[in-house]
Structure formats: C-alpha cells, structure tokens
There are 4 protein chains.
Amino acid sequence: MKNNKDRAGLVTTISGMLAKENINLVSMREHVDTVADRFFARIEVDNCADTRTIEEKLYDVLPADATVKLNPSPEKKIIVMVTREHHCLADILIRNQFKTLGASVQCVIGNHATLQNICERFEIPFYLVSHKEKDRSTFEAELLEIINGYDIDFLVLAKFMRILSPGFITKFPLRIINIHHSFLPAFIGANPYRQAYERGVKLIGATAHFVTNELDEGPIITQQIIPVNHSFTAEDMMKSGKEIETAVLAKALQLVFDDRVFVHQNKTVVFE
Amino acid sequence: MKNNKDRAGLVTTISGMLAKENINLVSMREHVDTVADRFFARIEVDNCADTRTIEEKLYDVLPADATVKLNPSPEKKIIVMVTREHHCLADILIRNQFKTLGASVQCVIGNHATLQNICERFEIPFYLVSHKEKDRSTFEAELLEIINGYDIDFLVLAKFMRILSPGFITKFPLRIINIHHSFLPAFIGANPYRQAYERGVKLIGATAHFVTNELDEGPIITQQIIPVNHSFTAEDMMKSGKEIETAVLAKALQLVFDDRVFVHQNKTVVFE
Amino acid sequence: MKNNKDRAGLVTTISGMLAKENINLVSMREHVDTVADRFFARIEVDNCADTRTIEEKLYDVLPADATVKLNPSPEKKIIVMVTREHHCLADILIRNQFKTLGASVQCVIGNHATLQNICERFEIPFYLVSHKEKDRSTFEAELLEIINGYDIDFLVLAKFMRILSPGFITKFPLRIINIHHSFLPAFIGANPYRQAYERGVKLIGATAHFVTNELDEGPIITQQIIPVNHSFTAEDMMKSGKEIETAVLAKALQLVFDDRVFVHQNKTVVFE
Amino acid sequence: MKNNKDRAGLVTTISGMLAKENINLVSMREHVDTVADRFFARIEVDNCADTRTIEEKLYDVLPADATVKLNPSPEKKIIVMVTREHHCLADILIRNQFKTLGASVQCVIGNHATLQNICERFEIPFYLVSHKEKDRSTFEAELLEIINGYDIDFLVLAKFMRILSPGFITKFPLRIINIHHSFLPAFIGANPYRQAYERGVKLIGATAHFVTNELDEGPIITQQIIPVNHSFTAEDMMKSGKEIETAVLAKALQLVFDDRVFVHQNKTVVFE
C-alpha cells in the first residue's frame, strides 16, 4: 500500500471480487495503520462454498505482500496448560462443555496434579508433566511429545507458571495465549499482586497476550482492571485478581477464536 | 438494499467511485442493520476539493433511497440552552475557548440569569428568556426569535429544565441534543436522583440523546454510569451525577460534531 | 437512636463491651441512615468463643429495637433453583467445588432437566420439578417439599424463570436472592434484552436483589453494566448479558455469604 | 497499637471521649493496617466548637505516637502550577469559580505564558516564571518567592512539566499533588502516551499522587483508566488521556480537600 488512495482501491478490489463471485457480505471491518503502512480487513461472508478458489482469487488481485487467511472451519482446537490455580481452567472447561468457547479443548497439561480432578469431571484428558528434578529442555520435550499428539490451533496458558524457552515458543508463533496477572506493562515478572500491594495502587488488572520470546512483552489482546483500595491485603488483591484474570482470558479467547485479532509486529488489531 | 450481496456491491460502488476520482480514503466504517435492512457508511477522505460534484456522483451511483451527507466545513455552529446548573455549560465554554469542542458556540440562552456571568467571562452572548408569567408558546416564540438570528447546526440543552413543545422540536429535527440526568430508560421524568435514592440503586448514570417529541425517548447517543452505595444521600447522588452528566454530554457532542452519529428511526449508529 | 450524639454512644457501647470481654476487633464498619434514623454496624472479631453470651450482652446494652446477628458458622447452606440457562449455575458449582463460594450447595432444583448433567458432574443432587400441567400452588408445594428436606440459609434463583407466589416468598424473608437480566429499574419484566435492543441503549446491565412480593422490586444488592453499541443484535446483547449476569450474581453471593449486606425497608447497606 | 484487642480500645477511647463532650458524630471510618501495625480513623462531627481543647483531649487519651489532625476551617488554600496544557487548570478554575472545589485558588504559576489568559478571565493572579536560561536552583528560588507570599495548604501540579528538586519538594511534605499522565507504575517518565502506543496497550490511565523525591513514586491518591484500541494514534491517546487526567485530578483534589486521604509511608488510606 503506497499511499492513501490505494486504500480505496483495496476496498474496491476486495469487495468487487466478492460481489462478482456472488458472495454475500455479512460484515466488513478495515483498519489502516498509517505508521506501519499496513491495511487490515476482516470480512465475514455467509455463502462461500469454495474457500480455496476464493483465497487464490484474492491473492491474484491483492498486492504481493498481502496475507490472506480464510477460515472455513470455525471451531478451533486447543490445549490448555495449567499449574495449580483452577479459576481460568474451570471457566474454559465450562464454556467447552456448553459449546460457548468457540473452540474445542483437546486436553489439559499440568505441571502439578491439582487440576486433574476437574478435568476428569468433564472427561477431558489430563496429562501430568512435572518440571521437578529435570532441566527445562527435558521438561519441554515431554510437553511437546504430548502436544504433538494433537492437531491444535492454539496453546492456552491458563495460569501456567513456568517460563517457556525461546525454542519452545518458536514452534508456535502467535499461537500461544497467556493470561498475565497484572495490567502490563506494570508489574512485569513475579508476584505482581505483592508488587501492586507494596506500591499502593488503586487499580489492579490483568492482560491476555500472545507469547513471544520477550517475557510478558508479546502483543496484547485485551486488558481489564478493577478498583482496589487500602483495605485490600496482597491476598485480597490476588483474590480479586483471579476474577479479572478469568474474565480477561475468556474475552481474549472469544476474540481470537472468532478470528477478530490480527497481529502486526508487536501489536494487535482487534475488530470487536 | 435488497439482500446481503448488495452490500458488497455498495462497498464496491462507493470505494470504486472514490478511487476513480483519485480521492484519498482516510477511514471507512460500515454497518448493516439487517433488521431495518439499512446500510450505513462513514467515509473520511483527505483531498476532496469539490464536494458538490462528489455528492452528485454518489447520488448517481447509489440506490434511490440513499441519503448522502457531505461535510465540507467541519466546525459546527451551536446554541447552548441552560437553566441554573453550570457544570455542563462551563465545560462546553472551556472547550469552545480552547478550540477542542469541534463546534463554535454562537450564544447561550438561559431561562434564569444565573449563568450570565460565566458567559461574559468568555465573551459569549447570553440571552435571558424567562419562562415566568407567560405561556409556553410565548416563551418558545421568544426563544425562536433569538435562535433564528443565528445560522446554527445544533441546539444543545445543557441542563435546560423546561419541556419544549412538539411544535418547537419539529423545527429542529435531530438537531437538538439533551443531557438527561439518569441512565435512561430508568427514572424517566422529574427528580431522577431522588427516584434512584428511593430505589436504592447501586449505579447512577446519565444519557445524552437527540430530542424528539416523546419525553426522554429520543435516540440515545451515549450513556455512562458511576457506582454509588448506601452512604450516598440523594444530594450526594446529584453531586456525583453532575460529574457524569458533564462527561456524557461532552462525549456525545464530540461524536456528533465529528459526524460519527447516524440516526435511523429511534436508534443511533455511532462510529467511534 | 434519637440523635447524632447517640451514635458516638452506640460506638462506645459496642466497642467498650468488646474490649471489656477481651474480644479482638478485626474490622468495624458503621453506617448511619439519617433519613431512616437507623445505625448499622458490622463487626468482625477473631476470638469470640462464646457467641451466645456476647449476643445477650449486646442486647443488654443496646436500645430495645436493635437487631443483633452473630455468625458463628461462616459457611452458609444454599439451594440453587434454575431453569435452562447454565451460566450462573455453572459458576456457582465451580466455586462450590473449589470452596470459594462461601457457602455449600445442598442441591439444585430445576423446572427443566437441562442442567441435571452439570450437577451430576459435581455430585450435587438435582431435582426436576416441572411446572407443566399443574397450577402454581401444586408446583410450589412440590418445590417446598424438597426445600424443607434441607436446612438452608438462602435460596438462590440462578436464572429461574418462573414467578413465585407471595405465599412462597413469605416463607423465606430476605433469604431468596435473584439475578435479574437488566439494570433495574430499567426493563422490568419479560425480555429485557429485546427491550434494550428496541430502545437502542448503549449500556446493558444486570441486578442481583433479594426477592420480595413486588416483581423485580426487592432490595438491590449489586449491579454492573457493560457497554453495547449499534452492532449488537438482541441476541448479542443477551450473550454479553450472560457474562455480566454471572459476574453480578457471583459478587452478590460473595457479599451476602460474607455477612456484608444489611437490609432496611427496601434498600441494602453493603459493607464492601 | 500492640494487638487487635487494642483496636476495640482505641475505638472506645475516641468515641467515648466524644460522647462525653456531647459532640455529635456524623460519620466515623476506621482502617487497621495489620502489616504496618497502624490504626487510622476519620471522624466527622457537626458541633465541635472548641477544636483546640478536643485535640488536646485526644492526645491525652491516645497512645504517644498518635497523630491527630483537626480541621476547623474546611476550605483549603492552594496554588496551581502549570506549563502549557489547559485542561486540568481550566477544570480547577471552573470549580473554584462555582465554589465546588473545596479549596480556594490563591494564584497560578506557569513556566509559559500560555495559560495567563484563562486565569485573567477568572481574576486569578497568574505569575510567569520561565525556566529558560537559568539553572534549576534559580528557577525554584523564583517559584518559592511567589509561593512564600501566600499562606497555602497545597501546591497542585496541574500538568507542570518541570521536575522539582528534592530541596524544593522537602519544603512541602505531602502537600504537593501531581497528576501523572499514565497508569503508574506503567510508563514512568517522559512521553507515556508514546510509550503506551508503542506497547500496544488496550487501556490508558492517569494517576494523581503526592510528590516525593522519587520520580513518579509518591503515594497514589487515585487512578482511573479508559479503553483504547488499535485505531488510536499516540495523539488520540494523548487526547483521550487529557479527559481522564482532568477527571482523576479533580477526584483526587476532592478527596484531599475533604480530608479523606491519610498517608503512611508510601501508601494512602482513602476514606471515600
């Protein structure tokens, strides 16, 4: 996209091609990032029988550096990774059970056995992969062996409290979603509620983001906050934080699974 | 617009026409109301020299029942009507003074003299039109005489506490903006804070809306709320309410003056 | 409480009695409703071995019309009543399972069988009491027969879509908690999301309240809202509404089960 | 305060003393910081004629390390310091003009002349003290000369964009209030909106805090946030940020001027 005029051209090109193919447009959202000089469009149609052909036709008419992603099968497949805290996982399992997640949970992997029981109640396979008494590469190899047994779209870190290596993360580019227990970029790293308590903040938050090799620095999908006050202990903040973590991760997953999140460099375009 | 396919056609038609005329597209937003079967589009361009020609060309290519509104002169002209409360008016005057209102205040009309002084401080003409000892038609005739002396886009009721007649309102279709001191449709009518207090609600709100002949029933532009609790008296609620009224009216004016609000029947489409 | 001075006296009386009994004060909250002329206090202590004696001593020193409620056993017992929507019940069951509800779910009663399965997953007894082909008194007699088999503190209506008779409600004064799918008092009655859609509101909410004989008019415990816009269909509003309903009911239950909610006439005092 | 039991004793001591003096208690709020082992109480009375005597009596009955602060004259006196941005100052001047600030603005000091005009409109003295071509100690000496000409309670930095030296700050312990244009502790330092834009956050905020010698590290009084999204440029974020800065500073001033903010070490206790 060389200049502003080209945008009208791109819109015309895309919508014209769809009209010509008699494809019904349900919704269309565009965004132009004038700094990065990129054009983003999300198009929802309701009668696109032959997605492969349409994809080819779009590549034919669009500029050479365009990326087209068609989504013929709306339900994503995911693996959830956890440690000991139940709140995010339980919310995901409920949504999975009642078909409101927009994805299908293939299995859960925990580095503690704590959450095995809740998975069993929903007949979701649970794998215990302890990190204890092994180095990270061994631990991650064991994780990968399980993950590779499934064909998944996303790995969801639902309070998985181990740091993954660059080698591991690179295998799943923009396919690992994490919930961070703070309003990033505040309180990066360990014990954010303790940090928040010590600092005396009046709001605490949570951030859902894609995982990249920079700790807590991946593209942010969504964030929310709740007010706290002097009467909150660090433990109270953590308890309130769990509510907001659950809500933020649920919202982020809904957006991602509904193909509403586009990533460019370190930022997201979210067509809500 | 007969069916979904036509939407792609409309997008193509509009964007294609703009591309052909070498008009640079800055942003484009669409909305399809499938219930009302209407298509809404807001297009921002940066080099449209001859708006009259473009308007004609758009009417040429669009369906017969389309409405096209071009905005060659971005700064709106407004008159503000008030009674005794200062908070909304003062906020508008400050924004007017510092050129952040997106409109130009031509004058202020009050049915009390209370706010004359603040207008004088900003060299804005203030007209006192008392409603006392006269019937509504006389009162409104006096208002109209002043208003007719100006060429305005919008009348802003910034805590104007008199009910206007259908005859008056009809003269300014979708051009009167009111701030209502409740989260409509709760607490329609008089003394909403008293009503909210009696009901024991835990949130209070404010609503900015276009004025139609149904009391407090016109199309809603924006709404906000703030939490309250048992410690709030009705007076405390009113005090907090003034803060939210100021913020909501400011937000609504910004949206309207920036041509982001479309009205269809009794609802708004707001391209934020 | 005749006048303001008496308040200082009441605080002295209560705190002095506790100090004399060597009872450790963890927190103390008071509220004076000067309109209703009532004084409310919530006192948390950490070493009150003999609650019966303390209760008697408090009645001895307090005015004749005082109400003292000591809570020696913090975990409440509840029955949850449902129809077909799962979101509130599932959230309660998760919290019950992980001991974060502050109450113990004794059983669930549904007038449809839809939610039997989720109860079984958590080994919570589920009773199906259909309302079909029977008059309300028979239906309620069947409900009461089940309820009377348990010793409970609260009945929680977690999207129970039948209206209960005054005769039923009177048996559980201020012990029935309901989640209403609107920001009361807006949209009382049926189909609030449809009403909200038709009105074109920009915020939707949910309200948790105690059930009294006035439909949707009982004392409000807590309320929350979320923003919506023109792109929301009535169905989208309902979907978003379920998220806020779940959150609001969870918050209200937490407050009630933690003995933070006092009711006087038609309002609550909530010591958060 | 050695242990929990002492709290009941302190409440008894204070309320008993007030009752004995026939002082009417309007409201009483306490907070116990069990980590810092401090007890905080805010007491509002409505007939305390002789504050000096009461203060002495309180010191007589309270532990030796207690701090008592009586507020016989509710209206604070303040000086506002600014640079070029008008939004916070204009809001303060409006509230000052309509007597809703809870304080009286004695004068405004700016290091640019930009805001002289708005001060003159409200007949508030404006002093221009340029920082240009002088070292910080000279600049601050000039500021102090003006400040020392007034008897003030607080210095309000309403977008004053110069860093003050420890020597200056030490002269006004817990008496300088600043509005910081970010949700601290995120984006400490310069250009927070640029930083927020680069990081791709989904919320931006503002923080009002007391100024101490650690840059942006003083006790936080209040914070608020607003949502942003991918369509916001850094300039849009700054524009939205100004709205939230204005609201946050107004809220903080209201709390401080109403004697609702207590500071201990680096945190505040705020009795809202």
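The values are calculated or read from the model by the stated rules, or taken from the named source; none is laboratory data. Computed from a predicted model, the values in this text were never measured in an experiment. As a convention, Cβ positions derive from the backbone with ideal geometry for all residues, glycine included, and neighbour counts pool all protein chains shown. Heads up: the accessible areas ignore ligands, DNA and RNA and are worked out on the full protein's heavy atoms, side chains in. Shrake-Rupley method; radii C 1.70, N 1.55, O 1.52, S 1.80 Å.
Here are the numbers for this structure:
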item	result
Selected residue (only one of D:20, D:69 is in contact (Cβ under 8 Å) with a residue 40 or more places away in the chain, farther than 30 Å from residue B:118 by Cβ and either more than 24 Å from the chain's Cα centre (by Cα) or more than 14 Å from chain C (Cβ to nearest Cβ) (or both))	D:69
Condition met for residue C:167 (farther than 28 Å from residue A:243 by Cα and either within 14 Å of chain B (Cβ to nearest Cβ) or touching a Ser or Thr at 6+ places or on another chain (Cβ under 9 Å) (or both))	yes
Residue within the stretch B:124-139 that is loosely packed, with under 15 Cβ neighbours inside 10 Å, of a type in the set (A, V, I, L, M) and farther than 20 Å from residue B:86 by Cβ present	no
Some residue of the stretch D:134-145 being assigned to a helix (DSSP H, G or I), in contact (Cβ under 8 Å) with a residue 40 or more places away in the chain and within 27 Å of residue D:256 (Cα to Cα)	yes
Answer residue from the stretch A:212-238, given it is small (Gly, Ala, Ser) and under 24 Å from residue D:265 (Cα atoms) and is surrounded by the most Cβ atoms within 10 Å (Cβ to Cβ) among those	A:234
Some residue of the stretch A:104-115 being within 14 Å of another protein chain (Cβ to nearest Cβ) and of a type outside the set (Phe, Trp, Tyr)	yes
Residue list for the stretch D:205-224, restricted to those being of a type in the set (Val, Ile, Thr) and either closer than 16 Å to residue D:250 by Cβ or within 10 Å of chain A (Cβ to nearest Cβ) (or both)	D:207, D:220, D:221, D:222
The stretch A:22-40, residues that are in contact with a helix residue (DSSP H, G or I) (Cβ under 7 Å, 6 or more places away or on another chain), open to solvent by 30 Å² or more (accessible area, probe 1.4 Å) and more than 14 Å from residue A:66 (Cα to Cα)	A:22, A:24, A:26
Any chance residue B:120 is acidic (Asp, Glu), open to solvent by 40 Å² or more (accessible area, probe 1.4 Å) and under 22 Å from residue B:258 (Cβ atoms)	no
Residue match in the stretch D:233-243 (condition: under 27 Å from residue D:169 (Cβ atoms) and not basic (Lys, Arg))	yes
Residues of the stretch D:15-29 satisfying the condition of being touching an Asp or Glu at 6+ places or on another chain (Cβ under 9 Å) and within 22 Å of residue B:231 (Cα to Cα)	D:23, D:24, D:25, D:26, D:27, D:28, D:29
Filter result for residue C:98 (open to solvent by 30 Å² or more (accessible area, probe 1.4 Å), among the aromatic types (Phe, Trp, Tyr) and within 14 Å of chain A (Cβ to nearest Cβ))	yes
Candidates A:158, A:206, filtered to the one that is in contact with a Cys (Cβ under 7 Å, 6 or more places away or on another chain), in contact (Cβ under 8 Å) with a residue 24 or more places away in the chain and surrounded by 15 or more Cβ atoms within 10 Å (Cβ to Cβ)	A:158
Candidate set from the stretch A:170-193 (those that are within 14 Å of another protein chain (Cβ to nearest Cβ) and of a type in the set (Phe, Trp, Tyr)); member that is most open to solvent (accessible area, probe 1.4 Å)	A:187
Tabulated pairs, the stretch C:225-249, first within 11 Å of chain B (Cβ to nearest Cβ), second in a loop (DSSP other than H, G, I, E, B) and among the aromatic types (Phe, Trp, Tyr), C-beta under 7 angstrom, 6+ apart or interchain	C:225/C:183
All positions within the stretch D:237-249 that are within 14 Å of the chain's Cα centre (by Cα) and of a type outside the set (Gly, Ala, Ser)	D:245, D:246, D:248, D:249
Residue C:267 being among the basic types (Lys, Arg), within 10 Å of chain B (Cβ to nearest Cβ) and open to solvent by 10 Å² or more (accessible area, probe 1.4 Å)	yes
Matching entry among D:2, D:57 (being basic (Lys, Arg), at negative phi, at pLDDT below 85 and open to solvent by 30 Å² or more (accessible area, probe 1.4 Å))	D:2
Of residues in the stretch A:250-259 being more than 8 Å from every other protein chain (Cβ to nearest Cβ) and within 16 Å of residue A:181 (Cβ to Cβ), the one surrounded by the fewest Cβ atoms within 10 Å (Cβ to Cβ)	A:251
Which listed residue is more than 19 Å from the chain's Cα centre (by Cα) and charged (D, E, K, R), from A:76, A:134, A:99	A:134
Tally, over the stretch C:143-155, of residues that are surrounded by 13 or more Cβ atoms within 10 Å (Cβ to Cβ) and out of contact with any strand residue (DSSP E or B) (no Cβ under 9 Å at 6 or more places or on another chain)	1
Test: residue in the stretch D:45-52 that is touching a strand residue (DSSP E or B) at 6+ places or on another chain (Cβ under 9 Å), more than 23 Å from residue A:200 (Cα to Cα) and within 12 Å of another protein chain (Cβ to nearest Cβ)	yes
So residue B:196, is it open to solvent by less than 50 Å² (accessible area, probe 1.4 Å), facing chain C (nearest Cβ under 10 Å) and closer than 30 Å to residue B:65 by Cα	no
One residue from A:78, A:43 being open to solvent by less than 50 Å² (accessible area, probe 1.4 Å), touching a Leu at 6+ places or on another chain (Cβ under 9 Å), in contact (Cβ under 8 Å) with a residue 12 or more places away in the chain and not hydroxyl-bearing (Ser, Thr, Tyr)	A:78
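Yes/no matrix, rows are residues, columns are (1) more than 11 Å from the chain's Cα centre (by Cα); (2) modelled with pLDDT of 95 or more; (3) at negative phi:
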| site | (1), (2), (3) |
| --- | --- |
| A:169 | yes, yes, yes |
| A:182 | yes, no, yes |
| A:190 | yes, no, yes |
| A:216 | yes, no, no |
| A:227 | yes, no, yes |
| A:235 | yes, no, yes |
| A:251 | no, yes, yes |
| A:270 | yes, yes, yes |
